[in-house]
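Chemist: Encoded as structure tokens, here's the structure I'll be asking about.
The values are calculated or read from the model by the stated rules, or taken from the named source; none is laboratory data. Treat the numbers as computed from the prediction; the structure is a model and nothing was measured. Reconstructed Cβ throughout: ideal geometry from the backbone, glycine too, with neighbour counts over all protein chains shown.
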Amino acid sequence: MTSSAEAGMDHGTLSVSVVFFYPDAALLSRTFESLARAAVELARERPGASTSLYLVDNGGMPDLRRDLAMLSAAGIAYTVISGHGNVGYGRGHNLAIQQAQSRYHLVLNPDVDLEPRAMIEAISFLDQHPEAGLLAPAIVDDRGRLQYLCRQYPTLVDLFVRGFLPRAARRLFDRRLARYEMRAQINERDTLWDPPIISGCFMLFQTAVLKKLGGFDDRYFLYFEDYDLSLRAHELARVVYMPSVRVLHHGGGAARKGFAHIRMFLSSACKFYNRFGWKWL
């Protein structure tokens, strides 16, 4: 079931999809508030620029009446897509991507806060660099520390150390993790072209490129769908890390979320390696 805030929804400059499943209502509200501020700033600096939002309800949608009113007041047209059940993260976004008619489409987590000028910086850069089909921002945590979420192609050892070892034990593998997380290349100053893999918490695409890719591979229920899509994006366009675009991500690893998430992580890892090739060390 799809319901829209407006019958003639303007897809315009930017469309955004947010998929959630029993979300943290407070974090989701923060995400919407930050998106509203960023949309207002974008429209102020670029008259005629419009933002539309697809809310994909995989289950457990909280009462969003106050949030939706706030988004409408910020000029954001929204569509709620619901009734399909929990189809997974990537497939949920695909339901929105199929409808998007914008110039740019943002895949956004429901626990990410955008800085007010984030979309101005991002869209200005993409307008000036049409060879860039996918943009990643600088991502910081709750304490303002840079998160190294661009990645080299992962080995099995990298995934095990990064995802499952306790913090103290990970120190023994610091040089390996530094290579995997591209710490020597990623900072808060320098633009980096063509990182192999970027985080799915914020992926800003040229919509035409995203549609040519067919969106996410819906064989991944959760985890690794962003790794897969990042690698495929390089086949059609360049990928760029742009640190002047800043967001805050509240998140955690699979091992800290319980056995069900560990099982999904391992299942998706197998799908990923079967497609792109196993790398052990």
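Chemist: Residues that are of a type outside the set (D, E, K, R) and over 19 Å from the mean Cα position of the chain (by Cα): does region 130-150 have at least one?
Modeler: Filtering region 130-150 down to residues of a type outside the set (D, E, K, R) leaves 130, 132-140, 144, 146-150.
Those left that are additionally over 19 Å from the mean Cα position of the chain (by Cα): 130.
Yes, region 130-150 contains at least one residue that is of a type outside the set (D, E, K, R) and over 19 Å from the mean Cα position of the chain (by Cα).
Chemist: Picking from LEU165, LEU156, which residue would you name as being modelled with pLDDT under 95, out of contact with any strand residue (DSSP E or B) (no Cβ under 8 Å at 6 or more places or on another chain) and surrounded by fewer than 18 Cβ atoms within 10 Å (Cβ to Cβ)? First the steps, then the outcome.
Modeler: Details: LEU156 fails: modelled with pLDDT under 95.
Of the residues listed, the single one that is modelled with pLDDT under 95, out of contact with any strand residue (DSSP E or B) (no Cβ under 8 Å at 6 or more places or on another chain) and surrounded by fewer than 18 Cβ atoms within 10 Å (Cβ to Cβ) is LEU165.
Chemist: Report, by residue number, each residue of region 206-251 that is under 12 Å from ALA136 (Cβ atoms) and among the acidic types (Asp, Glu).
Modeler: ASP226
Chemist: Considering only region 246-256, I want to know if a residue exists there that is out of contact with any Pro (no Cβ under 9 Å at 6 or more places or on another chain), surrounded by fewer than 15 Cβ atoms within 10 Å (Cβ to Cβ), among the aliphatic types (A, V, I, L, M) and more than 27 Å from GLN101 (Cα to Cα).
Modeler: no
Chemist: Collect the residues in region 46-75 that are in contact (Cβ under 8 Å) with a residue 40 or more places away in the chain, out of contact with any Phe, Trp or Tyr (no Cβ under 9 Å at 6 or more places or on another chain) and closer than 15 Å to LEU35 by Cβ, keeping them in residue-number order.
Modeler: ALA49, SER50, THR51
Chemist: Continuing with this model, one more query. More than 20 Å from SER268 (Cβ to Cβ) and without any contact (Cβ under 8 Å) to a residue 12 or more places away in the chain: which single residue out of ASP194, ASP141, ASP174, ASP190 fits that description? Working first, answer last.
Modeler: Working: ASP194 fails: without any contact (Cβ under 8 Å) to a residue 12 or more places away in the chain; ASP141 fails: without any contact (Cβ under 8 Å) to a residue 12 or more places away in the chain; ASP190 fails: without any contact (Cβ under 8 Å) to a residue 12 or more places away in the chain.
Only one candidate qualifies: ASP174.
Chemist: Right, another one. Does at least one position in region 207-226 carry a residue that is free of Cβ contacts under 8 Å to residues at least 40 places away in the same chain, farther than 15 Å from LEU159 by Cβ and not assigned by TED's automatic domain parsing to the domain that holds ASP127?
Modeler: So far as region 207-226 goes, no, none of its residues is free of Cβ contacts under 8 Å to residues at least 40 places away in the same chain, farther than 15 Å from LEU159 by Cβ and not assigned by TED's automatic domain parsing to the domain that holds ASP127.
Chemist: From the residues in region 207-220 that are buried (at least 22 other Cβ atoms within 10 Å of the Cβ) and in contact with a Lys or Arg (Cβ under 8 Å, 6 or more places away or on another chain), which one is nearest to VAL245 (Cα to Cα)? Show your work before the answer.
Modeler: Taking region 207-220 and keeping what is buried (at least 22 other Cβ atoms within 10 Å of the Cβ), we get 210, 215-216, 220.
Of the ones still in play, those that are also in contact with a Lys or Arg (Cβ under 8 Å, 6 or more places away or on another chain) are 216, 220.
On the way: PHE216: 23, TYR220: 28 Å.
It comes out as PHE216.
Chemist: Residue under question is GLY215, and the condition is that it be touching a strand residue (DSSP E or B) at 6+ places or on another chain (Cβ under 7 Å), under 21 Å from HIS105 (Cα atoms) and outside any strand (DSSP E or B); does it hold?
Modeler: Values: touching a strand residue (DSSP E or B) at 6+ places or on another chain (Cβ under 7 Å): no; under 21 Å from HIS105 (Cα atoms): yes; outside any strand (DSSP E or B): yes.
So GLY215 fails the test.
Chemist: Select from region 18-50 the residues that are surrounded by 24 or more Cβ atoms within 10 Å (Cβ to Cβ) and among the β-branched types (Val, Ile, Thr) and write down the one among them that is farthest from HIS93 (Cα to Cα).
Modeler: Restricting to residues being surrounded by 24 or more Cβ atoms within 10 Å (Cβ to Cβ) and among the β-branched types (Val, Ile, Thr), the top hit is THR31.
Chemist: Out of the residues in region 171-205 that are among the aromatic types (Phe, Trp, Tyr) and at pLDDT 95 or above, which is nearest to ALA136 (Cα to Cα)?
Modeler: Of region 171-205, the ones among the aromatic types (Phe, Trp, Tyr) are 173, 180, 193, 202, 205.
Now restrict to residues that are at pLDDT 95 or above: 180, 193, 202, 205.
Working: TYR180: 17, TRP193: 10, PHE202: 7, PHE205: 9 Å.
Only one residue tops the list, namely PHE202.
Chemist: I would also like to ask the following. Scan region 121-130 and give yes if some residue there is within 26 Å of PRO23 (Cα to Cα) and modelled with pLDDT of 95 or more, otherwise no. Can you show your working first?
Modeler: The first filter runs over region 121-130 and keeps only residues within 26 Å of PRO23 (Cα to Cα), leaving none.
Within region 121-130, none of the residues are within 26 Å of PRO23 (Cα to Cα) and modelled with pLDDT of 95 or more.
Chemist: For region 112-170, name all the residues that are in contact with a helix residue (DSSP H, G or I) (Cβ under 9 Å, 6 or more places away or on another chain), aliphatic (A, V, I, L, M) and closer than 19 Å to LEU231 by Cα.
Modeler: ALA132, LEU134, LEU135, ALA136, LEU156, LEU159, listed by residue number.
Chemist: Looking only at helices (runs of 4 or more DSSP H) that lie completely in region 1-100, which have at least 3 residues being touching a Pro at 6+ places or on another chain (Cβ under 6 Å) and modelled with pLDDT of 95 or more? Spell out the reasoning first.
Modeler: On the way: elements: 25-45, 65-73, 89-97.
Here the list reads 25-45.
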